[in-house]
Amino acid sequence: MLRTEDATKALSSLNAYALDFYKHKQLDAIKNQNMIRKHAWELLKDWMLTLQTMVKWLRKANAEQGSRQLSRTTLKVMEYLAETFEKRFQKEL
C-alpha cells in the first residue's frame with residue numbers, strides 16, 4: 001500500500017501492487033500487503049501490457065514530433081521500466 005494525499009490533503013492508501021512487485025519481486029508479499037487474493041497474475045499482466053502500450057505510443061509520438069529532448073528521455077525511461085517489469089514478470093512464471 002502506498003500512502004498519499006488527495007487534492008483536499010486527506011491521506012489515503014493506494015493499492016501499489018505493481019510498484020511492490022517491481023521493487024520486491026515477490027508475489028506472496030504483494031498478495032499479503034495489498035490484500036490481493038485472486039487474479040494477481042492477471043493484474044500484473046495487465047500492468048505489463050499497459051506499460052508496453054505506453055512505450056508504443058511514446059515511440060509514435062517521438063517519431064511524429066522529431067527529436068524533442070523531453071519525449072526522448074521519457075521514452076527511454078518508459079522502455080527501461082517496461083522491459084524490466086516484463087523480465088521480472090516472466091521470471092516469476
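The values are calculated or read from the model by the stated rules, or taken from the named source; none is laboratory data. Computed from a predicted model, the values in this text were never measured in an experiment.
The table below gives the values:
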| quantity | calculated |
| --- | --- |
| Selected residue (criterion: modelled with the highest pLDDT) from residues of segment 9-33 that are over 14 Å from residue 89 (Cα atoms), among the aliphatic types (A, V, I, L, M) and over 13 Å from the mean Cα position of the chain (by Cα) | 29 |
| Segment 22-58, residues that are under 13 Å from residue 87 (Cα atoms) and in a loop (DSSP other than H, G, I, E, B) | 25 |
